[in-house]
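Here the structure is laid out as structure tokens; the discussion comes afterwards.
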């Protein structure tokens, strides 16, 4: 369903009258050393909404040096309790600024305002969780064969380069920054060039919360110009990246010569395995939400529906009906359920996959159109039936609102289809048979699985993928392992 408000063309705003936003380095806003800037576009209108500093190698160097200096400043003397208080205060300030942050995220990332509000709360909850975790992550004493005492210490890695994507800008920044600070590191946050605005606001919130200058830095700009010099910088000891598998491989190679610690949360082509005993009235709406939420721009999106042949036609009919009912339009409208894609480039990419699916013989049941909503980057939610494993839409990450439905006959066939891509991030299993659910949970190659649900992410639980979906685990207590070094100490009693 198209939101009526979405059809009205918004008045063009004059972004050039606003001063450009600078990097946040060493506790201060700074323009790029080159003086260059670039525009930030509102994806719902296609119009410029801000200009920000265009970082390059010199700016990456300044940010890394500011972070390194902060490790020897007041931050190094913060007790665990003081770090926890700072993180709790960041969470409080995020909530105090929740509406302005949600509006900024909605405009910059094209998110429906209701979803943006939920993501701001999730970011606050993440800082709150790691504030509580500070005092619960520590070393251990170890009995050894020698006479004495052996124990371990958890120490900060050092300067962390945190590179975040455009699909969940504030949330994923919190996933990386909160555990990094909990472990007493300093950070340079490099947001995606399309969505830098809430990252810059977050840096100011951290400063207001009492985090010393230089501990949190934000470097804006493009990957090749700003991100790559940051990854290669000799003062950076840890790289955490969320984004595409291709870029993840490239950054891992850049980090290899200096043996930096690297964690990667990459792409996905996640399946929903729907068996003939599934509750379709629950499953179909959930499956639709699992791929069309955030306009399908989600590495956990259940973009492949693998459905038992007995209920396949019913499932396709029900999920298509859900897709047709979704209100697509202006993210500012509280009734909107799906906003635009992030850019014209992403819109063209998704439409290219829709065309490829039809050319390869899949049936486009609904959607896949590009409505004219006043210059925004909209694509209506698409459902393909009759998708074969050989097809590109089955194998490749589309990162858009496209669901591909494929039938299966047996449990073994379902597992083979589920595991039949390079990815292994998340997935769902829909069945009322507990034994089957347990068997498949062990057989499906995925870092995160949900049974009778499409919920992938919980602050308290580890999140990450198998195969080409990445390395390491974010969230939960496991994330703290990514941002700390283990030092073993033995004291002889002789």
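The values are calculated or read from the model by the stated rules, or taken from the named source; none is laboratory data. What you see is a predicted model; the values in this text were computed from it and never measured. In this analysis, Cβ positions are derived from the backbone assuming ideal geometry, glycine residues included, and neighbour counts consider all displayed protein chains.
Scanning the range 451-494 for residues that are outside any loop (DSSP other than H, G, I, E, B), within 18 Å of residue 270 (Cβ to Cβ) and more than 18 Å from the chain's Cα centre (by Cα) yields one hit, 451.
Residues satisfying the criterion are absent from the range 17-40 (criterion: under 23 Å from residue 375 (Cβ atoms), in a loop (DSSP other than H, G, I, E, B) and either at pLDDT 95 or above or not assigned by TED's automatic domain parsing to the domain that holds residue 190 (or both)). Taking the criterion of being surrounded by fewer than 22 Cβ atoms within 10 Å (Cβ to Cβ) and touching a strand residue (DSSP E or B) at 6+ places or on another chain (Cβ under 8 Å), the only residue of the range 264-278 that qualifies is 276. Check whether at least one residue in the range 148-156 is in the same structural domain as residue 244 (by TED's automatic domain parsing) and not in a strand (DSSP E or B), and report yes or no. Checked against the condition, which is being in the same structural domain as residue 244 (by TED's automatic domain parsing) and not in a strand (DSSP E or B), the range 148-156 yields no hits at all. Counting only helices (runs of 4 or more DSSP H) that fall entirely inside the range 43-145 and contain at least 1 residues that are free of Cβ contacts under 8 Å to residues at least 40 places away in the same chain and touching a strand residue (DSSP E or B) at 6+ places or on another chain (Cβ under 7 Å), the qualifying elements are 57-70. The residues in the range 344-394 that are under 30 Å from residue 41 (Cα atoms), touching a helix residue (DSSP H, G or I) at 6+ places or on another chain (Cβ under 7 Å) and part of a loop (DSSP other than H, G, I, E, B) can be counted, and the count is 7.
Here is a yes/no grid of residues against (1) assigned by TED's automatic domain parsing to the domain that holds residue 160; (2) crowded, with 24+ Cβ neighbours inside 10 Å; (3) modelled with pLDDT under 95; (4) in a loop (DSSP other than H, G, I, E, B):
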site	(1), (2), (3), (4)
189	yes, yes, no, no
192	yes, no, no, yes
201	yes, no, no, no
211	yes, yes, no, yes
220	yes, yes, no, yes
228	yes, no, no, no
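Part of a helix (DSSP H, G or I), touching a strand residue (DSSP E or B) at 6+ places or on another chain (Cβ under 8 Å) and closer than 22 Å to residue 365 by Cα - does that describe any residue in the range 395-413? Looking for residues that are part of a helix (DSSP H, G or I), touching a strand residue (DSSP E or B) at 6+ places or on another chain (Cβ under 8 Å) and closer than 22 Å to residue 365 by Cα, one finds none in the range 395-413, hence no. Of the candidates 437, 468, 441, 461, the single residue that is buried (at least 16 other Cβ atoms within 10 Å of the Cβ), out of contact with any helix residue (DSSP H, G or I) (no Cβ under 8 Å at 6 or more places or on another chain) and either modelled with pLDDT of 95 or more or not assigned by TED's automatic domain parsing to the domain that holds residue 174 (or both) is 437.
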